[in-house]
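The values are calculated or read from the model by the stated rules, or taken from the named source; none is laboratory data. Please read these numbers as outputs of a predicted model, since none were measured by experiment. Glycine gets a Cβ as well: all are built from the backbone with ideal geometry, and neighbour counts include every protein chain shown. The protein model used for the area step is the full one, side chains on, heavy atoms only, and it has no ligands, DNA or RNA in it. Shrake-Rupley method; radii C 1.70, N 1.55, O 1.52, S 1.80 Å.
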Amino acid sequence: MAVRGGPVVHAVARAGWAVFGAFGALVMVVVALLYAANPGEHGADNEPPMNFLGGLIVFVPMGAVLFALLGLPVQFFARSWLRTPTEAERRSARDAQRAADPYTPEGLLAGGRWALSYQRCVDSVTAFHAIVETLPAGPGREWLTDIGSTLDDELREALRLARLGDNLAPGGRAGTATPARKSGKQSDHAHGSTPPAATSERIAELLTSAERAFASTTDRAGSVALDLRRESEFTAVRSQLDMLTAQTPHLRDSDF
């Protein structure tokens, strides 16, 4: 990876006050030479070497101190700039972190079938809420907001099922138990009478069906939103809203 900044920037960051002080002293040496060449009426009676020496004694310390004081804030800003990671460095750090942790924030194996299936469900629900946000206040928006709450509940169930499927997969997190349903249902799956592979395939079928239902619900919500131009049109789209409610996923009714 290329080092950020050049040698001059790094030198200023290490000791900017000294770099600027030395530069100021050098500038004043030039000033002393100019003074020796044209001393004016105050030094007209002196020899040029004496005027040059006097200029060094007066101007060099003054220039060194003034430029050193100027170099202090420049040193601070140079250090701050070098310590601030670039976008490429931040992206590299994020990639390294993802490589170190093979799991998504939801606890699913990154890039696996379960993570991808769940992400498709998330994308559809996110798009649904974005559609609702574009609608004006009124019965139509309230109805779609209620449907959105149902989709959120179904999405949480989709995540639970995806985690269960991930745990059942070969090499999955066997120690990460999926919490039991609050309804208290106990199916044959809970007692282990069904092989893990069969259970996994059944969960995959449920999630695939949920993906289609989420996507279809979002598509229909877009069509309904186009018809909800005015509140008076709510009655005209009532049947569409009923159909929208009916076609939402029903993962919470599964036996898992």
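Some points to look at:
- Scope segment 140-151; condition without any contact (Cβ under 8 Å) to a residue 60 or more places away in the chain and open to solvent by less than 50 Å² (accessible area, probe 1.4 Å); matching residues: Gly148
- Per the listing Glu106, Glu133, the residue uniquely among the acidic types (Asp, Glu), surrounded by fewer than 18 Cβ atoms within 10 Å (Cβ to Cβ), under 18 Å from the mean Cα position of the chain (by Cα) and on the phi < 0 side of the Ramachandran plot is Glu106.
- Of all residues in segment 101-141, those that are part of a helix (DSSP H, G or I) and within 13 Å of Val224 (Cα to Cα) total 6.
- Within segment 58-67, the residues that satisfy the criterion of being modelled with pLDDT of 85 or more and surrounded by fewer than 17 Cβ atoms within 10 Å (Cβ to Cβ) are Pro61, Met62, Val65, Leu66.
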